[in-house]
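All remarks here apply to the structure that follows.
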Amino acid sequence: MSMTQHAGPAVTSPPAPGPKETDGRTSERPLALRLLARPEVGVFLGAAAVYVFFLIAAPPVRDGASMANILYGSSTIGIMALPVALLMIGGEFDLSAGVAVITSALTASMLSYQLTANVWVGVIAALLVSLGIGFLNGWLVVKTGLPSFLVTLGSFLILQGVNLAVTKLVTGNVATDDISDMSGFGQAKKVFASSFDVGGVQVKITIVWWLVFAAVATWVLLRTRYGNWIFAVGGNKDSARAVGVPVAFTKISLYMLVGFGAWFVGMHQLFSFNTVQSGEGVGQELIYISAAVIGGCLLTGGAGSAIGPVFGAFMFGMVQQGIVYAGWNPDWFKSFLGVMLLGAVLINLWVQRTATRR
Amino acid sequence: MHRNHRAATLTATLLAGALCAAGCSSSSGGKKSEDDGAAASAGKATTPRMTVAMVTHASPGDTFWDLVRKGAQAAAAKDNIKLVYSSDPSAGNQANLVQNAIDQKVDGIALTAAKPDALKDVIDKAKSAGIPVVGFNSGVSDWNKLGLLEYFGQDENIAGQAFGARLNELGAKHALCVIQEQGQVALEARCAGLRKGFSGKTDTLYVNGTDMPSVKATITAKLRQDSSIDQVVTLGAPIALTAVQSLSDAGSKAKIATFDLNKELVKAVQSRTVEFAVDQQPYLQGYLAVDSLWLYKNNGNFSGGGTAPVLTGPAFITKENVDQVAKFAANGTR
């Protein structure tokens, strides 16, 4: 009894007040419909539809190795989409997330190179820098009360400039030096950018990390006090504060979580490609936010899930690579992407409307 | 309070970790191993100081444009020129930057004409203000019409054709031309030239150049979709290096060749993972554009006689000549 109450956090479906036994409406609604009302189910069906579509339209997709590749493309979006989604549930968002990835990669690379230090020194320093950027973003949003759009637009521009200027100042070039021959590189590559064999298919480790992070995020969101805080501050900051939720702590920590994600993806890029160009990453923030929105996170906060953005990112990766697997005229690439995504979101919306309608 | 305590412990652990790790230095690579080779230097002119504006359509943080700027700076240092560099990928903004240079009453302007129509008016204004304007890198088919004094660069279409001819010699049958920025004129011209010069089949693929993991996944996807592709052609050095990984991911036997060069790509040509690169010599473009304005002001010279473009490419960098280029690339000037 208490289980069913818990499984559906009063987020999208209107909460049913009054004693549960006598409330006819809840018991009348079949399980399938109640399930459909959850935001992640809509996006799951959307993703499934896109998947089936490409299974039919693009024969190479049926192959295991192609699936591994699609999942890889999705995973680097997905790892960032998770904290971005949590932040959105908490009522804020972060435009600096795309360039922050590159900032992290640049920090790690340049620091280890310039000090001729073990690459792990750079990796840890980059983590601190990324968490610091997250902290600053969160602190500014909380302390000034400015919309996160403004604050993070500012940090987006600042980071973009810093990425270029500092790289140029330190290395004399606009890209970092190759660090692949340095101590610790092999180890770090194993953690952030290796792949392993599953039945003859090379699977990238980022896929594993993505799913692990998603599982952790889901658990935190649904089973911990911190998870409740996230929903609370995103739903109504003031009443959350009134019932004792540490609003500032929650928001700042969510921004730091985005910093953590940026660090992780940044490390993947660094150890996967050995060098980083300082101009990369611009525009990626919108892709992360799209994946979270497609995954059922409201732009207004207070609603969403951690598993939804997993499917959101998968859908993005599936469409992006699926179009190529299908061998369609590449001039239309961006348009295809837009149409497919819009279509998927509409399916998502329709499913939810149907499910919540009496 | 409990939570704060834990957070403090975590921070302390991380800091301690960082400090400990700082003790462990790398036994190979890094700054220590970097050669401190001096960049090219050709003395210094004693002519009166002049100001030259360089206005490009570069997006910041791209290794290619960094080379252009370095060449321009080297020439400026030699010629006692104050170089004012600015860039903006949007044509309208680039035109504004040129106007800005006119307002500063510079002694010469070097610009890239990737979108010639947008720059037409402002170039006319510069000329009527008595400022000589030279073009470089982009706009080879329009520089004469625009009334530019001279032009330094590579004809992208001709370079593409030469590229295709080379692939014919190497026996490629099916090429994939990877464009990292959809709708960019110079990149499209390269693929169009390739299609013309190459006797095999040419497909085009668009990738998102600001996101390397997706570049990698997309090229992998294409190679898996069409296993008859035996040649990948990339239009920028970082994309070529990423394509190397796509090949192994896709289990493809295709070869890679690319336009443009940077120091990591030189290593890849040395190790034969990339077959060859077509170098348009961006350093030379930047250098000549600035130097030519000095020559024009101090001796009335103009390269190409005002009628012919001065081509800086395509120069093929292959395993035969890559070692000569390598030491310059290590300095970050090729």
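Within chain A, which complete DSSP H helices have Cα atoms spanning at least 30 Å along the helix axis and a mean Kyte-Doolittle hydropathy of -1.0 or higher?
Membrane-span-like by this criterion, though nothing is claimed about a membrane: A:64-89, A:119-144, A:148-171, A:247-273, A:333-356.
Go through B:GLN324, B:CYS191, B:GLN104 and say which Cα lies farthest out towards the positive end of the charge dipole of chain B; charges sit on Cβ, +1 for Lys and Arg, -1 for Asp and Glu.
Of B:GLN324, B:CYS191, B:GLN104, it is B:GLN324.
To the nearest 0.05, what FRET efficiency results for B:LEU170 and A:ILE56 with a Förster distance of 35 Å applied to their C-beta separation?
0.40
With the solvent-accessible surface defined on protein heavy atoms using a 1.4 Å probe, which residues belonging to the range B:180-225 display a reduction of at least 40 Å² in accessible area in the multichain context relative to the isolated chain?
Buried by 40 Å² or more upon assembly, which counts only protein chains, are B:GLN182, B:TYR206, B:THR210, B:ASP211, B:MET212, B:PRO213, B:LYS216, B:ALA217, B:THR218, B:ALA221, B:ARG224, B:GLN225.
Could you report the range B:100-175's accessible area per residue, 1.4 Å probe, as an integer in Å²?
On the way: 2960 Å² over 76 residues.
Using a 1.4 Å probe on heavy atoms only, each residue of the range B:100-175 averages 39 Å².
If you average the alpha carbon positions of the range A:60-116 and of the range B:92-129, how far apart do those two centres end up, in angstrom?
Value for the Cα centre distance between the two parts: 39 Å.
Roughly what would the spin-label model give for B:ASP323 and B:SER199, points 7 Å off Cα along C-beta, in nm?
3.3 nm
List the residues, sorted by chain then number, that are 5 or more residues from B:PHE259 or on another chain and whose placed amide H is less than 5 Å from its amide H.
B:THR234, B:LEU235, B:GLY236, B:VAL278
Please list, by residue number, everything in the range A:98-131 whose backbone N is under 15 Å from a paramagnetic label point 7 Å out along Cα→Cβ of A:LEU169.
Label zone hits: A:107, A:110-111.
What total accessible area, in Å², is buried where chains B and A meet, using a 1.4 Å probe and rounding to the nearest 100? Mind showing how you got there, number by number?
Numbers: alone 16330 and 16890 Å², together 28750 Å².
Looking at B and A, the buried total is near 4500 Å².
Using 29 Å as the Cα-Cα cut-off, could you pick out the over-long pairs in A:LYS190/B:LYS319; B:LYS222/B:LYS319; A:LYS168/B:LYS255; A:LYS190/A:LYS334; B:LYS44/B:LYS267; B:LYS115/B:LYS297?
Violating the 29 Å Cα-Cα cut-off are A:LYS190/B:LYS319; A:LYS168/B:LYS255; A:LYS190/A:LYS334; B:LYS44/B:LYS267.
Once you wrap a convex hull around the alpha carbon atoms of chain B, what is its projected area averaged over all directions, in nm²?
22.8 nm²
In debye, nearest 20: dipole of chain B around its Cα centre with unit charges on the Cβ of K, R (+) and D, E (-)?
With Lys and Arg at +1 and Asp and Glu at -1, about 540 debye.
Express in whole angstrom the spacing between the alpha-carbon centres of the range B:68-91 and the range B:231-273.
So the two Cα centres are separated by 29 Å.
Could you work out, for the range B:249-297, what percent of all Cα-Cα pairs fall into each 5 Å distance bin, beginning at 0 Å and stopping at the bin that holds the largest distance?
5, 17, 19, 14, 13, 9, 8, 6, 4, 2, 2, 0
Tell me, what is a quarter of the convex hull surface for the C-alpha atoms of chain A, in nm² with one decimal?
19.9 nm²
Once you average over the residues of A:269-282, how many Cβ atoms of partner chains fall within 10 Å of each Cβ?
On the way: counts 3, 0, 0, 5, 10, 2, 6, 3, 12, 5, 10, 9, 4, 5.
That average works out to 5.
Can you give the average number of partner chain beta-carbon atoms within 10 Å of each beta-carbon in peptide A:124-135, as a whole number?
Mean number of neighbouring Cβ atoms from other chains: 2.
List every DSSP H helix in chain B whose Cα atoms extend 27 Å or more along the helix's own long axis and whose mean Kyte-Doolittle hydropathy is at least 0.0.
B:2-23
What FRET efficiency would be calculated for the residue pair B:SER228, A:TRP219, taking the C-beta separation as r and a Förster radius of 41 Å, to the nearest 0.05?
That pair, B:SER228 with A:TRP219, gives E of 0.30.
Given the protein assembly as shown, what percent of its DSSP beta bridges are antiparallel, to the nearest 5? Mind showing how you got there, number by number?
Numbers: 9 of 43 bridges.
Just about 20 percent of them are antiparallel.
To the nearest whole number, what is the average tally of beta carbon atoms from other chains within 10 Å of the beta carbons of peptide A:68-75? Please report the intermediate quantities before stating the final value.
Values: counts 3, 11, 3, 1, 6, 9, 3, 2.
Going residue by residue through A:68-75 and averaging, the value is 5.
Going by average Cβ neighbours within 10 Å, how do the peptides A:94-102, B:253-261 rank, with the highest at the top?
Those peptides, ordered most packed to least, come out A:94-102, B:253-261.
Which three extents, in angstrom, do the Cα atoms of the protein assembly as shown have along their principal axes, listed largest first?
Principal-axis extents of the protein assembly as shown (Cα, largest first): 97, 54, 54 Å.
Could you compute the FRET efficiency for A:LEU337 and B:ASN301, with r as their C-beta to C-beta distance and R0 at 60 Å, rounded to 0.05?
FRET efficiency, A:LEU337 to B:ASN301: 0.75.
Express the accessible area of chain A per residue in Å², computed with a 1.4 Å probe while the remaining protein chains stay in the model.
41 Å²
Note the direction-averaged projected area, equal to a quarter of the hull surface, for the Cα convex hull of the range B:269-334, in nm².
5.4 nm²
In debye, nearest 20: dipole of the range B:120-245 around its Cα centre with unit charges on the Cβ of K, R (+) and D, E (-)?
Dipole about the Cα centre, nearest 20: 180 debye.
Run the accessible area of the range A:70-188 with a 1.4 Å probe and give the carbon-and-sulfur part as a rounded percent.
The C+S portion of the solvent-accessible surface of the range A:70-188 is 76 percent.
Provide the percentage of antiparallel DSSP beta bridges, counting only those with both residues in chain B; round to the nearest 5.
Numbers: 3 of 37 bridges.
Given both bridge residues lie in chain B, the antiparallel proportion sits at roughly 10 percent.
Which aspartates and glutamates does A:LYS237 reach when only Cα atoms under 20 Å apart count, and residues fewer than 8 places away in its own chain are ignored?
A:GLU92, A:ASP94
Which order do the peptides B:166-175, B:216-225 come out in when sorted by mean C-beta neighbours inside 10 angstrom, highest first?
Order by mean packing, descending: B:216-225, B:166-175.
The values are calculated or read from the model by the stated rules, or taken from the named source; none is laboratory data. A quick note: this is a predicted structure, and the numbers were derived from the prediction, not measured. FYI the Cβ positions are ideal-geometry reconstructions off the backbone, even for glycines, and counts take in every protein chain you see. Heavy atoms of the whole protein, side chains included, go into the accessibility calculation; ligands, DNA and RNA do not. Shrake-Rupley method; radii C 1.70, N 1.55, O 1.52, S 1.80 Å.
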